[in-house]
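Structure first, then comments.
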Amino acid sequence: MTEEKSILDLINTPKDLRKLPVKDLPALADEIRREIIKTVAANGGHLAPCLGVVELTIALHYVFNTPDDKLIWDVGHQAYAHKLLTGRKDKFHTLRQYKGISGFPKREESPYDAFDTGHSSTSISASLGIALAKSLKGDPNRSIAVIGDGSMTGGMAFEALNQAGHLDKDLIVVLNDNEMSISPNVGALSTFLSRKMTGKTVSRFKRETEHFLKSFANVGENIFNVLKRSEESFKAFFTPGMLFEALKFEYVGPIQGHQIESLIETMQNVRKFSKGPVLIHVITTKGKGYAPAERNPGKYHGVGPFEISTGKPIPAKESTPVSYTKVFGDTIVKMAENDPRIAAITAAMPDGTGLSRFAELFPDRFFDVGIAEQHAVTFAAGLATEGILPVVAIYSTFMQRALDQIIHDVCLQNLPVTFAIDRGGVVGDDGPTHHGVFDLSFLRFIPNLILMAPKDERELQDMLYSAVMYPGPAAVRYPRGAGVGCELTDYFEKIPLGKGELLREGNDVLLLPIGNRVNPALAASTGLQKLGIDAAVINPRFITPLDADLISDWVEKTGVVVTIEDNALKGGFGSGVLELLSKRGLLKRSLKVKNLGYQNRFIEHGPQETLYKNAGIDTPGIIQAVLDLLA
Ligand SMILES: Cc1ncc(C[n+]2csc(CCOP(=O)(O)OP(=O)(O)O)c2C)c(N)n1
């Protein structure tokens, strides 16, 4: 049997791609899909988004002169085909592995990665900046943003379109429209973009107009004929072009995103003839070419390792405890059953944040606002002014977007909004764009806001309950992944405001871990005991307000303190403890203090446990820090 010739093998850079005849490109697309499926099945990653843009990626690199022409991928989760075509196919098996290539575009990884992305809706701003810089430098090369319809729901995308239309510089925006965000896309814009607008809605509008005109006895046949002929102009009027043209973009499309030949032809025309800002509307199928992902693109948006033949996830070797996310989702449902004031808000992540069940059970009190974290927070503030108790569930990394809204719209008015901050701490394989290691720092200084982090999933329940019942703004921050496997309850208890708990008494050193570091610190205290070191352990529970008395007492008793957090050191929990000790006059020469957490640098991707170990915030790291301090 002869082995099938690989086309991908011939391509080291897009220059090689451009030498191929167009007729070979569909076979190349098949090969790229197989490679993506194989690698994601082994390593996990963003499967459905990448499968949807294989032809689009080939066409873009075929027509445009990358890397001189700059290609900016919004979110960057769809860039695997781009990586395979731009010199990284030999390293592709290391995708998202520790020390391997990133799952997102990285300028330091390749000259073809024009801009680092990970958070959505930035691509038009960045590519407009690049286009402007090129214009200032007299550089004729092009700047191209590829943005999904989900990412188009983010306000920043519109801020950029607004400026781009005004500046009238050469800029190409490719709108990759698959009608999906992670879940089905939401909002009026999504309906507007949808092809249904050109079919069903236009017909209904026409029918209703005919009916209306018929109600006038003296309207003759002519007017109906005019109406019939005007169907096409109706369509033109109601297609998405209208929106973008109003923003002074030339609109091209909608075009079929899996036919390479027509994609190439369209791109070539745009490249040759267009002037000023152009939007190419491309229709794609998320998950294209892999049946399980096509059937269920939401589930296959981002996946762990799976079996290719069935699409089934490869089960973990040991059974893992329920995740913090699930505990959050279940808790909020139980609370909402008893309290009709509770509403839940997500920014395009109902599954990711654990709110799907809430959405099913309480559709009137559930709001998916699109990828719009800033709006989500201010919208919650509005709800809160009317006596609703909003719970805003957003990943830590994406909450960064909404800092001003948290300060200005919620905390300044002391409104009872609960922030459920998932993925606090390092998140693992998604890497630096997604690690949630700044939230303790950027939330800690805000007046009126109370901030908690649970040591386990049982405490998460009580903290959520306490947060929702608290008459002002409250945030609960919890990590990605499984809890510790503790027992859950059907009832919730209010945690007294600003009260920590002493978990273990000890005379030699005080361990002050926060959140998911409490259990490793307890384990460290057991390890230290074996070495003859008697460690006290406090679970502070609150980052703000700190349990000042409990902490100060035990600092005084032991004279040696180690703080431990899954957060940046600067401005984090440990900084708060130092401020407290300084205020209480306890920062004396005789006091030994060590703060464990992340140094002031961005943290690479890799398994969470590896990253904890590297930062010295796992059990052996904590033991070592104590030994160093006492040495
Ligand atoms: C600011 C921000 N919020 C949330 C996310 C999580 N997220 C990643 S991809 C995605 C959906 C993007 O949808 P779309 O742009 O249509 O791309 P598709 O996956 O459909 O190709 C979301 C919500 C993010 N990356 N950035």
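Using a Förster distance of 35 angstrom, determine the FRET efficiency expected from the C-beta separation of His166 and Lys19, and round it to 0.05.
0.30
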- Query: Normalised by the residues of the stretch 296-423, what does the relative contact order come to in percent, with Cα pairs under 8 Å and at least six apart?
  - Reply: 21
- How much of His166 can a 1.4 Å solvent probe reach, expressed as accessible area in Å² and rounded to 10? 140
- Output the relative contact order of the chain, whole-number percent, from Cα pairs under 8 angstrom with separation of 6+ residues. 11
- Item | Burial order of peptide ranges 123-135, 245-257 (average beta-carbon count within 10 Å, highest first) | 123-135, 245-257
- Tell me the label-point distance for the pair Asp30, Arg107, using the 7 Å Cα-to-Cβ offset, in nm and rounded to one decimal. 4.0
- In the stretch 537-631, chymotrypsin sites (Phe, Trp or Tyr not before Pro) in a DSSP loop with at most 16 other beta-carbon atoms within 10 Å: Phe602
- Message: Within the chain, which whole H helices from DSSP have a Cα span along their axis of at least 20 Å and a mean Kyte-Doolittle hydropathy of -0.5 or more, if any?
- Response: 25-43, 123-137, 324-338
- Task: Using a 1.4 angstrom probe, figure out how much accessible area the chain has per residue, in square angstrom, rounded to the nearest whole.
- Result: 43
- Quote the FRET efficiency, to the nearest 0.05, computed for Asn65 versus Glu609 with a Förster distance R0 of 45 Å and r equal to the Cβ-Cβ distance. 0.55
- Message: With n ≥ 4 as the cut-off for DSSP H runs, can you work out [θ] at 222 nm for the chain, using -39500 (n - 2.57) per run divided by the number of residues, rounded to the nearest 500?
- Response: -11500 deg cm²/dmol
- Query: Magnitude of the Cβ-charge dipole of the chain, K/R +1 and D/E -1, about the Cα centre, nearest 20 debye?
  - Reply: 940
- Message: Please list, ordered by chain and number, the residues whose modelled amide H lies under 5 Å from the amide H of Ser323; skip anything fewer than 5 residues away on the same chain.
- Response: Gly483
- Query: Once phi is turned into ³J(HN,Hα) by the Karplus curve 6.51 cos²θ - 1.76 cosθ + 1.60 with θ = phi - 60°, what whole-Hz value does each residue of the stretch 178-186 show in order, with x for glycine and proline?
  - Reply: 10, 6, 10, 8, 6, 8, x, 5, 10
- Item | Phi to ³J(HN,Hα) by Karplus 6.51 cos²θ - 1.76 cosθ + 1.60 over the stretch 494-499, Hz, x for Gly, Pro | 6, 8, x, 4, x, 9
- Message: Give me, ordered by chain and number, the residues 5 or more places off Arg142 or on other chains with an amide H under 5 Å from its own placed amide H.
- Response: Asp69, Lys70
- Query: Do any trypsin sites (Lys or Arg not before Pro) in the stretch 444-511 lie in a DSSP loop with no more than 16 other beta carbon atoms within 10 Å, and if so, which?
  - Reply: Lys494, Lys499
- Query: Amide H neighbours of Leu279 under 5 Å, counting only residues 5+ apart in sequence or on other chains, H built in-plane at 1.01 Å?
  - Reply: Val173, Glu250, Tyr251, Val252
- Query: Over all distinct alpha-carbon pairs, what is the Kirkwood Rh of the stretch 372-491 in angstrom?
  - Reply: 14.4
- Note on the structure: Taking the chain, the whole-percent share of alpha-carbon pairs separated by over 46 angstrom is 25
- Query: Roughly what percent of Cα-Cα pairs across the stretch 282-418 reach past 19 Å?
  - Reply: 59
- Message: Suppose every Lys and Arg Cβ carries +1 and every Asp and Glu Cβ carries -1, with no other charges. What dipole size does the stretch 1-64 come out with about its Cα centre, to the nearest 20 debye?
- Response: 180
- Note on the structure: The extension gain from Ala631 to Arg341, computed as 0.36 nm times the residue separation minus the Cα-Cα distance, is 98.9 nm
- Message: Please compute the Kirkwood hydrodynamic radius of the stretch 534-631 from all pairs of different C-alpha atoms, in Å with one decimal.
- Response: 14.2
- Quick one: of the DSSP bridges fully inside the chain, what percent are antiparallel, nearest 5? 15
- Note on the structure: Rounded to a whole %, the carbon-and-sulfur portion of the accessible area of the chain at a 1.4 Å probe is 53
- Query: Taking a 1.4 Å probe, which of Arg142, Arg18 shows the most accessible area, and what order do the others take after it?
  - Reply: Arg18, Arg142
- For the stretch 497-539, what percent of Cα pairs sit more than 13 Å apart? 47
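Among the trypsin sites (Lys or Arg not before Pro) within the stretch 311-366, which fall in a DSSP loop and have no more than 14 other Cβ atoms within 10 Å of their own Cβ? Spell out each step's value before the answer.
On the way: sites: Lys317, Lys326, Lys334, Arg341, Arg357, Arg365; in loops: Lys317, Arg341.
Qualifying residues, ordered by number: Lys317.
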- Note on the structure: Among Gly527, Thr66, Gly424, the residue whose Cα sits farthest towards the positive end of the charge dipole of the chain (+1 at Cβ of Lys and Arg, -1 at Cβ of Asp and Glu, taken about the Cα centre) is Thr66
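The values are calculated or read from the model by the stated rules, or taken from the named source; none is laboratory data. Everything numeric in this text was worked out from a predicted model, so none of it was measured. Note that each Cβ is placed from the backbone with ideal geometry, even for glycine, and that neighbours are counted across all protein chains shown. The protein model used for the area step is the full one, side chains on, heavy atoms only, and it has no ligands, DNA or RNA in it. Shrake-Rupley method; radii C 1.70, N 1.55, O 1.52, S 1.80 Å.
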